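Novice: Sharing a structure here in structure tokens format.
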Amino acid sequence: MKILMISLDKNLLGIEGAFGDATERHKLYGKHVENLDIIVMNKGKESELEISHNVRAYPTSSWSRFCYFLDAYKIGKKIFQKRKFDLIVCQDPFLTGLAGYLLKRKTKTKLVVHSHGDFFGNKYWLKENWFNLPLLCIGKFVIKKADAIRVVSGVIKEKLVKMNILENKIYKISTPVQLEKFSQFNNERVEEIKNKYNNRKIILLVGRLVKAKNIFLLIDAFKKVLNGYNDTVLLVAGSGELKEDLEKQIEKHNLQEKVFLLGAVNHDDLPNFYKACEFFVLPSTNESFGKVLLEAAAAKKPSIASSTIGAQEIIQEGKTGFIVPINDKDKLTGKILFLLKNKEKTTEMGEEARSYILKEFSLEKSIEKIIKMWNAVYKAKSL
């Protein structure tokens with residue numbers, strides 16, 4: 001098969017500051033197809049990048065986010081002049097999906113849309129950004145035009161069915177994650193991290209510094225935690241638009257020696273941070289799948305997360321972690337205190353978390369299911 005993919009993942013362009021396992025994951029996709037050409041929506045000047053012998057990334061190098069879909073469409077038309085594709089695959093139903101739909105209409109090629117997030121009927125997501133309302137309208141249109149939709153959750157699948165999307169067009173497949181990577185540590189580096197924070201107990205969050213991650217709430221909860229456990233630090237690994245605002249909140253509460261914004265951590269170094277922490281926290285208001293929850297579990301760390309669709313798919317309540325109501329600071333504080341008080345229980349839950357996710361989620365299984373889906377859509381008669 002020849003696949004044209006449209007993505008927002010800047011990691012595929014090798015951009016400094018981008019982190020994740022996207023490059024390795026797409027190399028694996030490439031092993032199962034003849035060609036994989038990826039149009040990556042981005043701002044700024046970037047060059048085409050050969051990821052492997054049959055996987056190539058093409059940046060849109062747009063001057064504005066509002067130009068993404070048109071720039072991607074133009075690049076897609078040029079690439080189609082070089083070769084005919086069997087499928088167009090889009091990362092989301094919004095700007096990548098709109099570009100994919102335009103190319104589908106132009107080239108009569110089938111369209112697969114990956115919907116990783118809980119967007120439809122989600123009031124928290126709508127409140128995150130004014131731009132999300134027009135995106136939602138685009139998404140509803142694109143989803144109905146797609147030949148197949150991949151979701152990461154059964155709940156999202158049910159929502160699409162209620163939107164009158166044919167059930168046989170919807171495939172539930174989890175996001176591929178290199179789980180084994182997160183059980184491999186550099187012990188010297190782990191000790192270095194612990195020593196840097198004077199061997200205090202570490203609570204970890206990995207994620208972008210954006211509104212959806214609800215980091216302000218976590219800092220407020222952590223301030224209450226310090227009343228009983230002053231020998232604890234909170235590490236936040238990630239970059240984003242709220243960095244300055246978060247720094248102001250940390251300074252306002254005199255937490256400069258307790259809460260540390262690490263910036264984007266190299267993906268190869270992340271396993272060491274998971275290993276160094278006591279447990280993982282993700283208080284998001286909106287989380288589609290929560291890949292970081294799998295990474296933490298692979299490193300034998302339990303998680304405390306808000307009751308997003310992603311957390312409910314991954315965490316076994318009371319066995320591998322805890323799920324608390326969205327925006328409930330008191331419940332979040334209570335579960336953090338529980339794990340700090342009960343070291344043996346924390347260790348036990350971490351062991352259970354790893355055992356569970358290795359059984360239920362695996363890189364190979366997810367990749368295999370995605371390739372199988374692509375083949376099925378390509379071979380199926382158009383609906």
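The values are calculated or read from the model by the stated rules, or taken from the named source; none is laboratory data. These figures come from a predicted structure and were not determined experimentally. Using ideal geometry, Cβ is built from the backbone for each residue, glycine included, and neighbour counts are taken over all protein chains shown.
Novice: Go through region 1-66 and tell me which strands (runs of 3 or more DSSP E), entirely inside it, have 2 or more residues that are in contact with an Asp or Glu (Cβ under 6 Å, 6 or more places away or on another chain) and more than 23 Å from Pro271 (Cβ to Cβ).
Specialist: Values: elements: 2-7, 35-40, 49-52, 55-59.
The strands (runs of 3 or more DSSP E) meeting that bar are 2-7, 55-59.
Novice: Shifting gears a bit: Go through Asn230, Asn195 for me and flag whichever is polar (S, T, N, Q), at pLDDT 95 or above and under 25 Å from Lys301 (Cα atoms). So that I can check it myself, show each step before the final result.
Specialist: On the way: Asn230 fails: at pLDDT 95 or above.
Residue meeting the stated conditions: Asn195.
Novice: Only one residue in Leu70, Leu12, Leu36 is of a type in the set (A, V, I, L, M, F, W, C) and modelled with pLDDT under 95, so which one is that?
Specialist: When all the criteria are applied, what remains is Leu12.
Novice: Give the residues of region 318-330 that are assigned to a strand (DSSP E or B), out of contact with any Lys or Arg (no Cβ under 6 Å at 6 or more places or on another chain) and among the hydrophobic types (A, V, I, L, M, F, W, C), sorted by residue number.
Specialist: Once the filter is applied, which keeps residues that are assigned to a strand (DSSP E or B), out of contact with any Lys or Arg (no Cβ under 6 Å at 6 or more places or on another chain) and among the hydrophobic types (A, V, I, L, M, F, W, C), region 318-330 yields only Ile323.
Novice: Which condition number does Lys248 fail, the rest of (1) surrounded by fewer than 24 Cβ atoms within 10 Å (Cβ to Cβ); (2) touching a residue at least 12 places away in the same chain (Cβ under 8 Å); (3) of a type outside the set (Ser, Thr, Tyr) being met?
Specialist: Evaluating Lys248 over (1) surrounded by fewer than 24 Cβ atoms within 10 Å (Cβ to Cβ); (2) touching a residue at least 12 places away in the same chain (Cβ under 8 Å); (3) of a type outside the set (Ser, Thr, Tyr) leaves (2) as the failure.
Novice: Determine if region 344-367 includes at least one residue that is free of Cβ contacts under 8 Å to residues at least 24 places away in the same chain and buried (at least 23 other Cβ atoms within 10 Å of the Cβ).
Specialist: no
Yes/no per residue for (1) of a type in the set (A, V, I, L, M, F, W, C); (2) under 24 Å from Gln178 (Cβ atoms); (3) surrounded by fewer than 21 Cβ atoms within 10 Å (Cβ to Cβ):
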{"residue": "Leu242", "(1), (2), (3)": "yes, no, yes"}
{"residue": "Leu255", "(1), (2), (3)": "yes, no, yes"}
{"residue": "His267", "(1), (2), (3)": "no, yes, yes"}
{"residue": "Leu270", "(1), (2), (3)": "yes, yes, no"}
{"residue": "Phe280", "(1), (2), (3)": "yes, yes, no"}
{"residue": "Ser284", "(1), (2), (3)": "no, yes, no"}
{"residue": "Glu287", "(1), (2), (3)": "no, yes, no"}
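Novice: Quick one: which residue in Ala298, Ala276, Ala221, Ala305 is in the same structural domain as Asn187 (by TED's automatic domain parsing), among the small types (Gly, Ala, Ser) and out of contact with any strand residue (DSSP E or B) (no Cβ under 9 Å at 6 or more places or on another chain)?
Specialist: Answer to the check: Ala298.
Novice: A further question on this structure: In region 329-338, is there at least one residue being surrounded by fewer than 17 Cβ atoms within 10 Å (Cβ to Cβ), farther than 23 Å from Tyr229 by Cα and out of contact with any Leu (no Cβ under 6 Å at 6 or more places or on another chain)?
Specialist: There is no residue in region 329-338 that is surrounded by fewer than 17 Cβ atoms within 10 Å (Cβ to Cβ), farther than 23 Å from Tyr229 by Cα and out of contact with any Leu (no Cβ under 6 Å at 6 or more places or on another chain).
Novice: For region 289-317, how many residues are surrounded by 24 or more Cβ atoms within 10 Å (Cβ to Cβ) and either charged (D, E, K, R) or part of a loop (DSSP other than H, G, I, E, B) (or both)?
Specialist: From region 289-317, those surrounded by 24 or more Cβ atoms within 10 Å (Cβ to Cβ) are 289-290, 292-297, 299, 301-306, 308, 310-311, 314-315; that's our starting set.
Subsequent filtering for residues that are either charged (D, E, K, R) or part of a loop (DSSP other than H, G, I, E, B) (or both) retains 289-290, 295, 299, 301-302, 308, 315.
So the count comes out to 8.
Novice: Restricting attention to region 183-190, does a residue exist that is loosely packed, with under 14 Cβ neighbours inside 10 Å, under 23 Å from the mean Cα position of the chain (by Cα) and assigned by TED's automatic domain parsing to the domain that holds Cys277?
Specialist: Yes, there is a match, as at least one residue in region 183-190 is loosely packed, with under 14 Cβ neighbours inside 10 Å, under 23 Å from the mean Cα position of the chain (by Cα) and assigned by TED's automatic domain parsing to the domain that holds Cys277.
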